Structure formats: C-alpha cells, structure tokens
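Only one structure is covered here, and it is reproduced in the block below.
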Amino acid sequence: MTADQLKISHSAIIEDLIDSPLKVNLMELGFLPGKKITLQFKAPSNGPLAFLLENTLLALRKQEAALLQVKIIS
Amino acid sequence: MAQTQPPFLTKPLKIALIGNPNVGKTTIFNQLTGLNQKIGNYPGVTVDKKTGAMIYQEQVYHIIDLPGTYSLYPNSEDEIIAHRVLNQLSEIEKPDFALMIIDSVQLSRGLFLATQLIDLGLNLAIALNMADMAEKSQLEIKTYELFKQLGVPILQTDARHLKGMDQIKELIHQQNFTNPGPFIEAKEFLDNSQLQDVKEYFELSNDYQAYQILRFGLKDKGLSEEKRSWIRKKLETLTINLEAAQLEETKIRYKRITEVIEKVLVKKSHQEVGSAPLDKIFLHPVLGYLVFGGILLLIFQAIFAWASVPMDLIDGFFADLGAWLSSTLPAGPISDLLSEGVIPGIGGVVIFIPQIALLFGFLAILEDTGYMSRVVFLMDRWMRPFGLHGKSIVPLVSGVACAIPGVMAARNIGNWKEKIITIMVTPLMSCSARLPVYIILIGLVVPDEAIFGIFNLQALTLLALYLLGVIGVLVTAFGLKSILKTSEKSFLMVELPSYRTPRWKDVLLTMYYKSRTFVTEAGKVILAISIILWILGSYGPPSQMDAVREIQEEKLAAASSEKQIAEIEAETSSLLLENSFIGILGRGIEPVIKPLGYDWKIGIALIASFAAREVFVSTIATIYSIGGDVEDDLTIREKLDTQINSNTGEKTFNKPTAFSLMVFYVFAMQCMSTLAIVYRETKGWKWPLIQTVYMTALAYFAALLTYNIFS
C-alpha cells in the first residue's frame, strides 16, 4: 500500500519510493526506505497529510504521499 | 588552520551561512551583523541577496545569508541561488568559507547538506544549533566524535538564547574552516571519466562540482549563454544517466550518514516524541479554520487600529512640509514642483510604511512561531482548484490591508506559475486604500437603514464589495490556471516546525528591512509617476490657463467678504484643473466612460487617482470646488449630492453611477505602488502591464454591467 492510504495515528515503514521527478525531493526530506512514518493529521476534503518522521512533522499532498510504498506496523 | 588574519589583508573575507529551513540561520545572521545588513539582488532571480558586515576584533567580515535549502539540488529560485553561490559559479559572490547551521534535532537531514558541501570542496565549519531543543528531546550529540567522523570543526550553539555567538565570531576570526576531502567520491555513483573536460572547461578541482554543473547548470539563468550552450552540447554526448546518478548519490549519502549518526547520537530516552498538543487544535478540521479566522481578524483589527495613527501623522507632516516650503521658497515653478509634486510624492511612498511594517511584523511572528506552515497545510486544498498554492494564502490575506506586502510575500512560492497567478490576483483583494472611496460613495447612495432589524444596509454593501473582490480573485486565478503553461510540477512538501516563541529582534529587523526595500525599490517609480501626474494636473495650454487666471483675479478683486474669496479660490482651482492637461485628458476619455455613467469630471478623477485610489476623493473635492477641509466626509457628500451631470441633466452621483464607480474601484489597478512592486518582483514590465490592462478592462466591463443593471 502507499502512505496516502494510512489512517490517522497509524504507523508504517517505508519500503520503497515510486519513480517520479519528486523522488529525490522526498528523499532529501528524509523519506527513505526503512524509515518509520506515522500519519498524524489530515486536512479536510482530501487535503494534505501530516506525517511524523523522526521528530519532525512533514506535510505532503496525497499525490506525493502516494509515492511512498509502505508496510503498516501498527 | 588556526591563523590570524594578516593585517595587510584589506579585502574582507566572505563567509556564506547555509542550512536547512527553520534551523535558526536568520537569527544567527542577525546576531552576527545586526543593523549592518544590506539587501540587494542576485542577477536573474527575485531572491533577496542578504549580506551583512560582521565586525570582530577590529576586522570586518562579509557574511552572506543564503536561502534555506535541504540539499544542493535546486527546486526553487531560492535554491538556485544557494546552488550558484556554493558551487562558486559567480565570481562576485564566491565565498571563502561556508558556515553550515544544523538543527541538532534534525541531525541526519542537516548532515545531508553538510556532506554535499564537503564534497564540493568548500572549507567548512558546522554549528549545531538549537542545542536546547536537543536536550528537551533527550538527544545527546557527541561532538568530538562527529568532528572525527567528518573532519570539520563543530560548534554547539543556541541562537535563540544567544549562546555560542561569540564562539562563532571567534571561529570566523580564526578562520577555523577546513575541507577534509570527499565524504563520498563522485565515482561511487557515476562514471567520472566523462567529467574530465567539464572540470577543465569550468576550471573545477573535483568531480562532484563537475557533476553538479552538468546536472543543474542549465537551471541557473545567471550562467552565461556561452557556458550554457557548452553544457547543452556536453549533455548530448554524455552516456551517464544523471538522474539515476542523483538518486544513487542520495541513497549512498544517507546510508553513510546513518552510519555516522549511529556513532555520534545518543538517545537518552526511547520514548517517541509526538507532535505538539497545540496541533490538535490548530490542525483540527474545524477548529483549525476557526482559529485561523480569529487570528486574521485580530491582525486586521490591529493594522486598521494601529496603522492609521502613524499614517495620519505622516499625512499631516508632509502636508505641513509642503505648505511650509511653498510659503518659504520664492514663488515659482520650482517651489510648486517641490511643494505640490515632490513632497506629496515622497509622502505617498512613506505613507505605506506603517501598513507594510505592521503586516510584515505579523507575518514574521506567524512564521517564527511555526504557525504559518500550519496555515499552508489547512489552506492548500482550497487554493489548488484555482491554480494557487497553500502558500498563496499569505499574499491574498495581506492584500486586504495592502497589496504591496502581499505581492512581496509571493516570492516564497517556489512554482513559477503559482507565483505569477498569486501576484496577478493579489491586487484584486480590496485593500485599505479603496475604503475611503467605498465609504464616500456608499454614503451618497445607500440609505443608513437596517434590514431585517439587524443588518445595516451600508455595512452589507461594503461587505458585498469585498466579496466581489474575492470573486474577482478566484475567477481570474482560475482563468490564468488554464492559460499559463509550465512544465514545473506543483508539489507541497513542507515542514511543520515545532512551536516556538517569536524572537522580537528578528521580527523588528524584518519590519525594518522590508520597509526599506519598499522605499528604495518601489519608491523611485512612485515618485516619478507622482511628479508626472502633478505636472499634468498643474499645467495646461498657457492661453487657456492664463485666461482662467485673469477672469478669476478680476472676480477676486471684486470680492467683498472672506466667504466670497474662499468660494472664488475654490472655483479657481477647479477651473485650472479643468483646463490642465489632465483636464483635457479627462474630457478626452469622456466618450469612453460615458456608458459607465461618468462625466468628464469623474474622468479627471479617474486619471488623477491612477497614482493611488484614495486620490479620487481629494480630486473630486477639488474639481467640484468643494474647498475647505476635504477630510470632512459630510461636506463632500453634501456637495456631491447636489451635482448635476451635464450630459443627462440628472444628479451626477445617482445610484447607477455611484455603484458603477464602486465596482470600477473594486477591480481597477489604480495604484502605481502595486505596479512598481510587481515590476520589481517579476523582473520586468511584462506582467505589471498585462495586469494593469486586464484589471482596467475588467473594471470597465464590470462597471458597464453595473450601470446598466441599476439604471
């Protein structure tokens, strides 16, 4: 599954990043395979998602979150 | 490396400050340079070039504050500048040393950029900032171990609490910067045999620089066309997949950084740090928006309440200065030019400072506390259908007070298309300068009555005008979205930083420097247009002007009472304006504005108020020879109510005409300060001209429609 499908307060481990021009941008922010992310907040009506990644809250649009292939851990 | 600067060295050393966004870089820059800052421009981009002088031990050091970036991969204009300066592509801005600021809590992300800088061959030192936050998060960084791993001098600082600033100064003074050699060799992620001629052509010392130039050089329009075409040619023959190399570089770099971090970072507690409790409210799907609305209301309340005091003072001061000059200097064209053209022109620039300073003060507080990116998070979804970005909300909201700081705030938007759309629509928000025009016209034609017992009709009309502006914004943005083409992909990746109390010194410095930028950059254009408009308004064909003066002087000689004299004087200024070049222009455009319900007198006011909307009121006052105190709304209103349109024989300011005028002012550009600032922000006359033509056309047709609906 991809990170945009996570439910609030669910955590997941990033398995891979789907190829796209934004892949490097995600990686430089720290979205790397093996890292744990937790979905903390959702803006209403399919708005951006806020993930907790190693002490930082990072907001992505759904389309960018869909580039993160993840495995749910809790 | 520890050596003191030889005394004969006259050229100051240049130190570039670099770091991720939100790491406290600006605070450190402010602490090092204080009021010795200069804001200039980088060629080819709209990024502010922030430089400052640091004076320490009687030596002067040149500090360059580079825009925050996560990596050397440039995505926005900001990052192109960081890329250009750090790759030493620009001879003028070439730094001698780089000081990398890292957020101690975000060590791995900071090291990503830091190790890229090492690989570029820069002489580097690292300041681990926000030491207090690391402590709170139960993190300990073994700095000596980090120094051993990277081979670069390391400092621990806490800029918010002013800790470690002297150590930074001392480090710069000692020139304690080193380059330990590559953290990663370029050959680990690409075939470096093809980079040899790049190194020779650009006179580079290492492969990583060559790779950076090949990969990103074309993004930088500051590079000469000769060099760009060389890169283009080289790229055609290259067999390396640079994008794949970049991904590979990123992976290897993070892998090695993770190894370093395992050695230097001690987590004293394994409890996970969650997000701030405040976010449960601020990012709440309902409460979040209510809080945002409340904050906006507070800010506008403050701006309208606080800015009006200094604005009235400035207004009064320049009026007095003008009057004093005209009474002191010998009468003549020079005295008139100074007292009626130049001084009011300067006053027209300075009058915006309270609003600009306050608005930027509030924006700085919101930014500094970390709240602003929450707003971006909440609003992005509602902006996107209109081709705007979550970050567009700041300019749009500022536009309600004044479009100038709004347009200036649009530069934070990385995507070109979204930035242009934001700049194009921000002046359509009803700013505070439209308010006097609205108020006088509403007072003329809308009865001061309540409907349904509670809603005041006049207040409702005012609200409708503001809403009309917002509709104009959305429709225009939507239209531009489908017209403008870009290959850039829009994305939102934004950090929601931890909440912090604002640093007042930084807030004050932002207010100061933003106001100064406005005065120095836009001021010239505004002053020039004011003077031109003044000349057009005070001079006309000599034969006509002299005839008016003669007749009026005769009348004046015959006048008996003071009241009569005042009336004649008011009539004189009205007649002179009528016969001036602006008067002639006003008559000239009458056929065009007649369908809107305006006569040539209103035409004159339209032309004169091109400088600034609020001039409409004072011009109308002059042209209808109201005289006396033009600040008194009631006098103007009563006089205007009795005016008869020479074309129709009806009241000039009847309902259709007044509503038509209100709608015209909702949409029309009518503000040269905005024009000047759009020119500055878009680096050319193309967009401000398109914008003026578009807004004027929109205003014209909307006013035409309004006139026909009401008549």
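The values are calculated or read from the model by the stated rules, or taken from the named source; none is laboratory data. Since we're looking at a predicted model, the values are computed, not measured. Cβ sites come from the backbone with ideal geometry, for glycine too, and all protein chains shown count toward neighbours. The accessibility values were calculated without ligands, DNA or RNA, using every heavy atom of the protein model including side chains. Shrake-Rupley method; radii C 1.70, N 1.55, O 1.52, S 1.80 Å.
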Find the residue count for segment B:373-402, including only residues that are more than 12 Å from chain A (Cβ to nearest Cβ) and either over 24 Å from B:Val678 (Cα atoms) or modelled with pLDDT under 90 (or both).
7
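For segment A:21-74, give me the residue count where each residue is assigned to a loop (DSSP other than H, G, I, E, B) and in contact with a strand residue (DSSP E or B) (Cβ under 9 Å, 6 or more places away or on another chain).
Looking only at segment A:21-74, we keep the residues that are assigned to a loop (DSSP other than H, G, I, E, B), and these are A:21-22, A:30-35, A:43-48, A:54-55, A:61, A:66-67, A:73-74.
In the following step, the residues that additionally are in contact with a strand residue (DSSP E or B) (Cβ under 9 Å, 6 or more places away or on another chain) were identified as A:22, A:30-35, A:43, A:48, A:54-55, A:61, A:66-67, A:73-74.
Matching residues across segment A:21-74 total 16.
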Return only the number of the condition from (1) within 13 Å of another protein chain (Cβ to nearest Cβ); (2) touching a Ser or Thr at 6+ places or on another chain (Cβ under 7 Å); (3) assigned to a loop (DSSP other than H, G, I, E, B) that B:Gly222 does not satisfy.
(1)
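Taking segment B:64-93, which residues are β-branched (Val, Ile, Thr) and within 14 Å of chain A (Cβ to nearest Cβ)? Break it down stepwise before answering.
Of all residues in segment B:64-93, those β-branched (Val, Ile, Thr) come to B:64, B:69, B:80-81, B:85, B:92.
Residue satisfying the conditions is B:Thr69 alone.
Looking only at segment B:223-260, how many residues end up being small (Gly, Ala, Ser) and touching a Leu at 6+ places or on another chain (Cβ under 7 Å)?
As a first pass, look at segment B:223-260 and keep what is small (Gly, Ala, Ser): B:224, B:229, B:244-245.
Narrowing the set further to residues that are touching a Leu at 6+ places or on another chain (Cβ under 7 Å) leaves B:245.
Selection size over segment B:223-260: 1.
State all residues of segment A:18-30 that are of a type outside the set (D, E, K, R) and either at the interface with chain B (Cβ under 9 Å from one of its Cβ atoms) or touching a Cys at 6+ places or on another chain (Cβ under 8 Å) (or both); if no residue qualifies, say none.
Start the filter on segment A:18-30 by keeping residues that are of a type outside the set (D, E, K, R), which leaves A:18, A:20-22, A:24-27, A:29-30.
Across segment A:18-30, the qualifying residues are A:Ser20, A:Pro21, A:Leu22, A:Val24, A:Asn25, A:Leu26, A:Met27, A:Leu29, A:Gly30.
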Pick from segment A:57-70, criterion over 20 Å from B:Ala276 (Cα atoms) and free of Cβ contacts under 8 Å to residues at least 60 places away in the same chain, ranking: farthest from the other protein chains (Cβ to nearest Cβ):
A:Lys62
Can you tell me which residue is farthest from B:Glu248 (Cα to Cα) among those in segment B:89-108 that are open to solvent by 10 Å² or more (accessible area, probe 1.4 Å) and part of a helix (DSSP H, G or I)?
B:Val105
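Kindly indicate which of A:Glu54, A:Glu15 is within 24 Å of B:Pro277 (Cβ to Cβ), open to solvent by 20 Å² or more (accessible area, probe 1.4 Å) and among the acidic types (Asp, Glu). Quick ask: steps written out before the conclusion?
Details: A:Glu15 fails: within 24 Å of B:Pro277 (Cβ to Cβ).
Just a single option satisfies the conditions, and that option is A:Glu54.
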Quick check on segment B:432-460: of everything there that is closer than 14 Å to B:Tyr665 by Cα and among the β-branched types (Val, Ile, Thr), which residue is modelled with the highest pLDDT?
B:Ile442
Within segment B:107-122, is even one residue farther than 15 Å from B:Ser498 by Cβ, within 11 Å of another protein chain (Cβ to nearest Cβ), touching a strand residue (DSSP E or B) at 6+ places or on another chain (Cβ under 6 Å) and of a type in the set (Gly, Ala, Ser)?
yes
Filter segment B:139-177 for residues that are in contact (Cβ under 8 Å) with a residue 40 or more places away in the chain and basic (Lys, Arg); which is surrounded by the fewest Cβ atoms within 10 Å (Cβ to Cβ)?
B:Lys142
Here are the criteria: (1) without any contact (Cβ under 8 Å) to a residue 24 or more places away in the chain; (2) under 19 Å from the mean Cα position of the chain (by Cα); (3) within 14 Å of chain A (Cβ to nearest Cβ); (4) open to solvent by 20 Å² or more (accessible area, probe 1.4 Å). Tell me which single one B:Gly414 does not satisfy.
(1)
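A:Ser20: out of contact with any helix residue (DSSP H, G or I) (no Cβ under 7 Å at 6 or more places or on another chain), open to solvent by less than 60 Å² (accessible area, probe 1.4 Å), among the small types (Gly, Ala, Ser) and touching a residue at least 60 places away in the same chain (Cβ under 8 Å), yes or no? So that I can check it myself, show each step before the final result.
Details: out of contact with any helix residue (DSSP H, G or I) (no Cβ under 7 Å at 6 or more places or on another chain): yes; open to solvent by less than 60 Å² (accessible area, probe 1.4 Å): yes; among the small types (Gly, Ala, Ser): yes; touching a residue at least 60 places away in the same chain (Cβ under 8 Å): no.
Criteria not met by A:Ser20.
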Matching residues in segment B:532-588 (touching a residue at least 24 places away in the same chain (Cβ under 8 Å) and either charged (D, E, K, R) or in a loop (DSSP other than H, G, I, E, B) (or both)) number 9
Single residue of segment B:96-106 satisfying the filter (of a type outside the set (A, V, I, L, M, F, W, C) and closer than 20 Å to B:Thr27 by Cβ) that is farthest from the other protein chains (Cβ to nearest Cβ)
B:Ser104
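Tally up the residues in segment B:110-136 that are open to solvent by 10 Å² or more (accessible area, probe 1.4 Å) and out of contact with any helix residue (DSSP H, G or I) (no Cβ under 7 Å at 6 or more places or on another chain), please. Lay out the reasoning, then the answer.
Quick first cut of segment B:110-136, residues open to solvent by 10 Å² or more (accessible area, probe 1.4 Å) only: B:121, B:123, B:130-133, B:135-136.
If we keep only those that are out of contact with any helix residue (DSSP H, G or I) (no Cβ under 7 Å at 6 or more places or on another chain) as well, we get B:123, B:135-136.
Qualifying residue count, segment B:110-136: 3.
What do you reckon, is B:Leu35 of a type in the set (A, V, I, L, M, F, W, C), in a loop (DSSP other than H, G, I, E, B) and open to solvent by 30 Å² or more (accessible area, probe 1.4 Å)? I'd like the intermediate steps shown before the answer.
Numbers: of a type in the set (A, V, I, L, M, F, W, C): yes; in a loop (DSSP other than H, G, I, E, B): yes; open to solvent by 30 Å² or more (accessible area, probe 1.4 Å): yes.
Here the answer is yes, as B:Leu35 does meet what is asked.
If the requirement is being under 11 Å from the mean Cα position of the chain (by Cα) and either over 18 Å from B:Ser71 (Cα atoms) or more than 7 Å from every other protein chain (Cβ to nearest Cβ) (or both), which of these qualifies: A:Lys36, A:Lys42?
Numbers: A:Lys42 fails: under 11 Å from the mean Cα position of the chain (by Cα).
Every option except A:Lys36 fails the conditions.
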When segment B:470-497 is checked residue by residue, the ones that are surrounded by 19 or more Cβ atoms within 10 Å (Cβ to Cβ), away from chain A (no Cβ under 14 Å) and at pLDDT below 90 are none
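Taking the condition within 18 Å of B:Gly288 (Cα to Cα) and of a type in the set (Gly, Ala, Ser), does A:Ala65 pass? Outline the logic, then answer.
Working: within 18 Å of B:Gly288 (Cα to Cα): no; of a type in the set (Gly, Ala, Ser): yes.
Against the criterion (within 18 Å of B:Gly288 (Cα to Cα) and of a type in the set (Gly, Ala, Ser)), A:Ala65 does not qualify.
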For the subset of segment B:233-249 comprising residues that are part of a helix (DSSP H, G or I) and among the aliphatic types (A, V, I, L, M), which member is least open to solvent (accessible area, probe 1.4 Å)?
B:Ala245
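So which of B:Ser373, B:Ser339 ends up being hydroxyl-bearing (Ser, Thr, Tyr), in contact (Cβ under 8 Å) with a residue 12 or more places away in the chain, assigned to a helix (DSSP H, G or I) and touching a Phe, Trp or Tyr at 6+ places or on another chain (Cβ under 9 Å)?
Working: B:Ser373 fails: touching a Phe, Trp or Tyr at 6+ places or on another chain (Cβ under 9 Å).
Of the residues listed, the single one that is hydroxyl-bearing (Ser, Thr, Tyr), in contact (Cβ under 8 Å) with a residue 12 or more places away in the chain, assigned to a helix (DSSP H, G or I) and touching a Phe, Trp or Tyr at 6+ places or on another chain (Cβ under 9 Å) is B:Ser339.
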Test set (1) closer than 21 Å to B:Pro502 by Cβ; (2) more than 14 Å from every other protein chain (Cβ to nearest Cβ); (3) surrounded by 22 or more Cβ atoms within 10 Å (Cβ to Cβ) - B:Thr369 fails condition number
(3)
Any residue in segment A:30-48 that's small (Gly, Ala, Ser): show its pairings with residues that are part of a loop (DSSP other than H, G, I, E, B) at Cβ separation under 7 Å, as long as the two are six or more apart or on different chains.
A:Gly30/A:Glu54
If B:Pro330 passes every condition in (1) open to solvent by 20 Å² or more (accessible area, probe 1.4 Å); (2) under 29 Å from A:Phe41 (Cα atoms); (3) of a type outside the set (Phe, Trp, Tyr) but one, which one does it miss?
(2)
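Mind telling me which of the residues B:Ile393, B:Ile404 ends up being open to solvent by less than 10 Å² (accessible area, probe 1.4 Å) and β-branched (Val, Ile, Thr)? Don't jump to the end; show me each part of the working.
Working: B:Ile393 fails: open to solvent by less than 10 Å² (accessible area, probe 1.4 Å).
Testing whether each residue is open to solvent by less than 10 Å² (accessible area, probe 1.4 Å) and β-branched (Val, Ile, Thr) leaves just B:Ile404.
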Among residues belonging to segment B:178-206 that are open to solvent by 30 Å² or more (accessible area, probe 1.4 Å) and touching an Asp or Glu at 6+ places or on another chain (Cβ under 6 Å), point out the one that is nearest to B:Leu242 (Cα to Cα).
B:Asn192
